[in-house]
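The values are calculated or read from the model by the stated rules, or taken from the named source; none is laboratory data. Only a predicted model underlies this, so the values are computations on that prediction, with no experimental measurement involved. Glycine gets a Cβ as well: all are built from the backbone with ideal geometry, and neighbour counts include every protein chain shown. Heavy atoms of the whole protein, side chains included, go into the accessibility calculation; ligands, DNA and RNA do not. Shrake-Rupley method; radii C 1.70, N 1.55, O 1.52, S 1.80 Å.
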Amino acid sequence: MMQDKFLNGKSIVVTGGGAGIGWGIVQACCAAGARVVFCQRSNGEDRAQALRAQGHDVTFMPCDISSIESLKAFAEAAKDHLTTVDGLINNAGVTIEGDFLEFSIADADRLWNTNVRSMFLLTQWLAPVMPRGAAIVNVSSNHGTSSVAGYEMYAATKGAISAMTRAMAWSLGKRGIRANTLSPGLTRTEAVQGVIDRSPSLETGFNAMHADGGFATIEEIGAIAAFLVSERASAMTGAELLADHGMAAQLCRDDDLK
């Protein structure tokens, strides 16, 4: 059976595409026929070569998105390489947690600059080369609406992403560009799997946090991101799509509120 090439002929930019959820997104966009440029701080070329060996048009560019200079260089290189950007998936980000009263200004700045400022700036720089019908997907987290102690600043950045995207949908809607938020929860990335491998008993606890007894894979989140950036989601803009196997919904159970 032939794969569904619903992104055939489209040029997609993905940040943080060399690992974790971003790697799932890059693979999903390639499988759908897109031409993909992705960045990562390091270790992305081997994965790009593996996809090219399968016949995909994919380019890796190193970038530290927390650095304005590095991010600007990536934006310029991506524009030069692609000419037109049909989709931008702002996925890269960091997670830092710690005691609220002891949380450092340096960590707060790193979270803000990496998770929020990078999305704002890269979108601002690439939007002028995005045609009508193009789409932006900003990857947030279920922490943006349902968080826990120790994640105050992380949750704040994720809530900011959702708020920024809602406004962005109207600012860029005048250009015919859509903008949506994708909010995953716990996802089976290489890092999460490594934690489970070291402490196998955690798997049962992680599964129990989800309505259907299992948590998301990078392939699942990648497929949703590819859908949102495609014309199949043409009626969606300013929306937030929660993709966490019901993890956040657990907070609404009656027995949790008693």
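At 0.36 nm per residue, and after removing the present C-alpha to C-alpha distance, how many nm does the segment from Ser104 to Asn8 gain when stretched out fully?
30.0 nm
Explain nothing, just compute: Karplus ³J(HN,Hα) = 6.51 cos²θ - 1.76 cosθ + 1.60, θ = phi - 60°, for every residue of the stretch 36-51 in order, whole Hz, x for Gly and Pro.
With coefficients 6.51, -1.76 and 1.60, one gets 10, 10, 9, 10, 7, 4, 6, 6, x, 5, 4, 6, 5, 4, 4, 6 Hz.
Check Leu88: other-chain or 5+ apart residues with amide H under 5 Å from its amide H, H built from backbone geometry?
Val13, Ala135, Ile136, Val137
Nearest 20 debye, what's the magnitude of the dipole of the stretch 107-258 about its Cα centre given +1 on Lys and Arg Cβ and -1 on Asp and Glu Cβ?
In total the dipole reaches around 820 debye.
Given a 1.4 angstrom probe, I'd like the percentage of the accessible area of the chain that is carbon and sulfur, rounded to a whole number.
Ligands and nucleic acids excluded, carbon and sulfur give 55 percent.
So, counting K/R as plus one and D/E as minus one, what does the shell of residues with Cβ under 13 Å around Val116 add up to?
That sum, taken over residues with Cβ under 13 Å, equals +2.
Using the heavy atoms of the protein chains alone and a 1.4 angstrom probe, what is the accessible area of the chain per residue in square angstrom?
Heavy-atom SASA per residue in the chain reads 48 Å².
Taking only C-alpha pairs under 8 Å that are 6+ residues apart, what is the relative contact order of the chain in percent?
20
Using θ = phi - 60° and the Karplus form 6.51 cos²θ - 1.76 cosθ + 1.60, what ³J(HN,Hα) does each residue of the stretch 155-163 get, whole Hz, x for Gly and Pro?
Whole-Hz 3J(HN,Hα) from phi for the stretch 155-163: 4, 4, 5, 6, x, 5, 4, 5, 5.
What is the dipole size for the stretch 4-152, taken about its Cα centre, with +1 at each Lys and Arg Cβ and -1 at each Asp and Glu Cβ, in debye to the nearest 20?
Approximately 700 debye in magnitude.
When the convex hull of the Cα atoms of the stretch 26-175 is projected onto a plane and the area is averaged over all directions, what value comes out in nm²?
9.6
Any idea what the alpha-carbon Rg over 2.2 N^0.38 Å comes to for the chain?
0.99
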